Amino acid sequence: AILSLFAFFLFSFCSLVVWAETTPPARHHISFGIQTAHQVPSLDDLIQLWQDAEAWGYDTMWLNDHYMQFGKEDGPAYDAWTLLAALAEKTSRVRLGVLVTDNLFRNPASLAKIATTVDILSKGRLEMGIGGGWFQREHEAYGLPFPSGKERIERLEEALQVIKALWTQNTSNFTGKY
């Protein structure tokens, strides 16, 4: 089992992610990772940063899941999952993921398929992170619903059930409220 404790230290372009990984029986290993913004003018620079960070020995690399930049909302902001697939192909060792996926951006069944594809492309290096969403203005700008906090958590709970079923069962059916 992996116990992940995340501590974020924001820098101008990326944040440091630290997690403690526990393996039986009581061996502890501290791993380091970075979370980079993907709302950048140069994808070549982002790819180079990921390749450099992997060479420097980082263990994990993460993108955020936002459709808009903070403070400069008219600048480029690429789709996290599409970019993660490309970065998976440009790296070879690090575990990678989206920290965290906004549950309201994608249908859970589609997200399960997208994440499966990234996991295959990365040869099993995907770490899945998903949350209820929080940036209301971003949802409104893209015509996406932004329900109450309670409903966002209920939707997240259903999404997790769908994703888990699709990943663990040969045939899956789900009837939910949302």
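Quick notes
- Mean separation of Cα contacts under 8 Å, 6 or more apart, over the residue count of segment 59-178: relative contact order %: 24
- Accessible surface ranking that places the most exposed of 110, 42 first, with a 1.4 angstrom probe: 110, 42
- Under the criterion of Cα pairs below 8 Å and six or more residues apart, the relative contact order for segment 107-178 equals 37 percent.
- Segment 155-178 and segment 83-148: distance between their alpha carbon centers, rounded to Å: 16
The values are calculated or read from the model by the stated rules, or taken from the named source; none is laboratory data. Only a predicted model underlies this, so the values are computations on that prediction, with no experimental measurement involved. Ligands, DNA and RNA are stripped out before the accessible areas are found, and what is left, the full protein with its side chains, is counted by its heavy atoms. Shrake-Rupley method; radii C 1.70, N 1.55, O 1.52, S 1.80 Å.
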